[in-house]
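Input: a single structure, listed below in structure tokens.
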Amino acid sequence: MSQRRTLGLIVYAPEFADNDERALAAVHGMERALPDVHLAWKVSREGQPIALPRRDAWLTQETRKGAFPLVCNGDDRSPMTIYGLRTPPRQAPGGQPLSDIHAELPLDESVLPFAGNVLEGVAEGARAFWGHATPFRAGVEIARQTVDSVHKPGTPPRGLPALKLPEQMRSPAVPQRLGWLNYWSEAASRAIGFPDFARDADLLARSRRTALGGWIVQLTEAPLDLDNSEHLDILQRAYASFPEIGGRASP
């Protein structure tokens with residue numbers, strides 16, 4: 001898959017236990033959102049798909065210490081993948097270990113109409129605090145907003161605000177950054193003060209509640225493109241509206 005045409009999704013959830021059923025629920029959530037997609041393959045060391053006839057049992061059994069192995073749709077022409085990693089306490093907000101679930105999908109018409117549902121399905125299957133789905137190119141630049149004079153020196157791109165390292169943030173419920181499509185759980189929404197019906201009128205026009213009481217918040221109608229000055233302005237205004245995001249409101 002060309003990374004320039006990839007939609008990257010990541011959500012952050014309380015750490016998975018061994019055999020945690022939330023890993024499977026996140027995979028089921030992605031499948032429900034995408035017509036005729038079945039993530040019933042793993043990938044060999046040589047990069048070849050291997051069918052998993054008992055995928056559900058295998059995935060639950062293989063979920064260990066916060067992580068779960070990659071599964072995919074087995075289609076080289078339109079690859080879709082999902083897997084989980086563990087963020088240890090020393091690198092996590094509030095010193096609480098997290099499970100972070102990553103998915104990659106084509107940035108095309110087979111996915112775009114369903115992208116918000118994919119994000120919701122993965123996030124709420126995992127009982128995530130927050131997450132986002134963002135085109136690869138924009139996601140790379142947004143990741144460069146996280147800076148630290150000692151551990152990650154640099155200057156955020158395009159005049160975007162500097163964000164703290166995750167371990168410098170007070171709570172895992174506070175989103176670390178923005179993306180194109182944002183998932184904010186009920187706890188995350190409270191932490192950043194969303195929604196304020198006067199301040200957030202524009203965002204609310206592109207937002208909806210989720211089944212578990214969180215929100216899917218879409219910054220721009222088209223996939224986020226930071227070469228588009230209007231998109232960049234919307235992203236900057238969203239950061240200005242939510243100073244808690246990225247730990248900027250904390251000392």
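The values are calculated or read from the model by the stated rules, or taken from the named source; none is laboratory data. In this text the structure is predicted, and so the values were computed from the model without any measurement. Every residue, glycine as well, gets a Cβ built from its backbone with ideal geometry; the counts of neighbours run over all protein chains shown. Keep in mind that these areas ignore ligands, DNA and RNA; they rest on the heavy atoms of the full protein, side chains included. Shrake-Rupley method; radii C 1.70, N 1.55, O 1.52, S 1.80 Å.
Among 107, 123, 135, whose Cα projects farthest towards the positive end of the dipole of region 62-135, with charges put on the beta-carbon of Lys, Arg (+1) and Asp, Glu (-1)? Farthest towards the positive end: 123. Each peptide in 72-82, 87-97 gets a packing score, the mean of other Cβ atoms within 10 Å over its residues, and the list from highest to lowest is 72-82, 87-97. Among the protein heavy atoms, those of residue 132 account for about 20 Å² of accessible surface (1.4 Å probe, every chain in place). Each peptide in 180-193, 134-147, 38-51 gets a packing score, the mean of other Cβ atoms within 10 Å over its residues, and the list from highest to lowest is 180-193, 134-147, 38-51. Cα centroid distance between region 76-101 and region 189-251, in Å? After rounding, the separation between the Cα centres reads 22 Å. Under the convention that each Lys and Arg Cβ holds +1 and each Asp and Glu Cβ holds -1, the size of the dipole of the chain around its Cα centre is about 620 debye.
Where only DSSP H runs of four or more residues are counted, the chain gives -7500 deg cm²/dmol as its mean residue ellipticity at 222 nm, each run worth -39500 (n - 2.57). Across the accessible surface of the chain, with the other protein chains kept in place and a 1.4 Å probe, carbon and sulfur atoms take up 50 percent. When only Cα pairs below 8 angstrom with a gap of at least 6 residues are kept, region 66-151 shows a relative contact order of 18 percent. Straight-distance candidates among the aspartates and glutamates for linking to residue 42, with alpha-carbon spacing under 20 Å and chain neighbours fewer than 8 residues away dropped: 18, 20, 21, 31, 56, 62, 75, 76, 100, 104.
Pull up the cross-link candidates among the lysines for residue 164, meaning alpha carbon to alpha carbon under 16 Å and not fewer than 8 places away within one chain. Qualifying lysines at Cα under 16 Å: 152.
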